[in-house]
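Right, one structure below, let's go through it.
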Amino acid sequence: MLRRFFTVLVAGWAVWRFFGPRVPPSVNGIQDAPLRVPGRTVFVGRTEMFVREMGPPDAPPLVLLHGWVYDGMATYSRMMPILAERYRLYVVDLRSHGKTDRRQGRLEIADMADDVDACLEALGLRSVPVVGYSMGGMTAQELIKRHPSRVSRLVLFATAAHPVAWPRWAALTVFMVGRALARLDPVAVPRISHRYLLKVGAVAPEHAAWLWDELLDRDTDLYYQAGFAILRFDATKWVGKIDVPTLSIIPTEDQMIPADRQRATAALLQDNRVIELEGARHEAGLTRAGEVARAIIDFVAE
């Protein structure tokens, strides 16, 4: 009887997902985006990459690379107004994220790094400080390995040289199951993320509708292609060769990339200083934006 009940329940859910509407979360009050910053595109081969610029045109440049799931605006929306007081920001949407073109097929972190290098070349940026958050931090590591003259200073925020703590087979299994479920119900994970980010104050209630649109603006398969690239990424054998000044910003309660993994990466770097955000989680760029932005400003200004 119980098995039959669950069979009917799952079948009903599947039918609803195939034929029912996508019901957005309820929101209250006037809704708006947290920040309005226009952008432009540059071509990298046949890929059109989207870049937002903010801050005085004659200010020193600062490049921001976002993490998995979110684009540049969603990742840095609370930090950008602070950083733009001192720097000309270049906020890049990585391949298959945000408003940058989505390319089918296998993806590696190194591919994203090559994209960024070509994008910065097209923007006329030669040797610049780069901030990389989470997957963006992995991309920044590959960028400086593959194109060392492009980066003058490096900020690694909530990231690691080998981010996945689980055995690779276990993590791959979880991702494969996640992709299968996302194909069946593309809004399930975004709905959980939406509720969580609002609950912890990472996004203000008046931006709830914007956040929902951001979370749905993805191709399920390409989203997981980037996830698989993260699982394969391992820079531990060469990250110690990075010889530019580096800052590691480590949220001590990071639920996505364990703080111990981040500390291990910091220990491998030649010229590195560490700032730990006590009690902060992976979304610290939103919940502790002022603290993170000030640390970046102080470091890059040295």
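Just one of the listed residues (ALA165, ALA188, ALA170) is within 17 Å of VAL23 (Cα to Cα) and modelled with pLDDT under 90, and it is ALA188.
Among the conditions (1) among the hydrophobic types (A, V, I, L, M, F, W, C); (2) assigned to a helix (DSSP H, G or I); (3) farther than 17 Å from ARG232 by Cα, TRP169 misses just one, which is (3). Only a single criterion out of (1) of a type outside the set (Lys, Arg); (2) in contact with a Lys or Arg (Cβ under 6 Å, 6 or more places away or on another chain); (3) without any contact (Cβ under 8 Å) to a residue 40 or more places away in the chain is not satisfied by LEU89, namely (2). Would you pick out the residues in the range 219-242 that are free of Cβ contacts under 8 Å to residues at least 60 places away in the same chain and out of contact with any helix residue (DSSP H, G or I) (no Cβ under 8 Å at 6 or more places or on another chain)? Of everything in the range 219-242, just one residue is free of Cβ contacts under 8 Å to residues at least 60 places away in the same chain and out of contact with any helix residue (DSSP H, G or I) (no Cβ under 8 Å at 6 or more places or on another chain), namely LYS237. Once the range 244-258 is narrowed to residues that are of a type outside the set (A, V, I, L, M, F, W, C) and touching a residue at least 60 places away in the same chain (Cβ under 8 Å), the residue that is farthest from GLU276 (Cα to Cα) is PRO245.
Kindly provide the set of residues from the range 43-62 that are among the aliphatic types (A, V, I, L, M) and modelled with pLDDT of 95 or more, ordered by number. Spell out how you get there, then give the answer.
Of all residues in the range 43-62, those among the aliphatic types (A, V, I, L, M) come to 44, 49, 51, 54, 59, 62.
If the condition is that a residue be among the aliphatic types (A, V, I, L, M) and modelled with pLDDT of 95 or more, then MET49, VAL51, MET54, ALA59, LEU62 are the ones that fit.
Looking only at residues of the range 124-150 that are in a strand (DSSP E or B) and surrounded by 24 or more Cβ atoms within 10 Å (Cβ to Cβ), we find that the one that is farthest from the chain's Cα centre (by Cα) is VAL130.
Residues that are surrounded by fewer than 12 Cβ atoms within 10 Å (Cβ to Cβ), touching a residue at least 40 places away in the same chain (Cβ under 8 Å) and not β-branched (Val, Ile, Thr) within the range 29-45 comprise GLY29, GLY45, listed in sequence order. So which residues in the range 188-217 are without any contact (Cβ under 8 Å) to a residue 40 or more places away in the chain and either outside any helix (DSSP H, G or I) or β-branched (Val, Ile, Thr) (or both)? Answer for the range 188-217, where residues must be without any contact (Cβ under 8 Å) to a residue 40 or more places away in the chain and either outside any helix (DSSP H, G or I) or β-branched (Val, Ile, Thr) (or both): VAL189, ILE192. For the range 63-85, indicate whether the set of residues that are at pLDDT 95 or above and aromatic (Phe, Trp, Tyr) is non-empty. Checking the range 63-85: at least one residue is at pLDDT 95 or above and aromatic (Phe, Trp, Tyr).
The values are calculated or read from the model by the stated rules, or taken from the named source; none is laboratory data. Since this is a predicted model, take the numbers as computed values, not measurements. In this analysis, Cβ positions are derived from the backbone assuming ideal geometry, glycine residues included, and neighbour counts consider all displayed protein chains.
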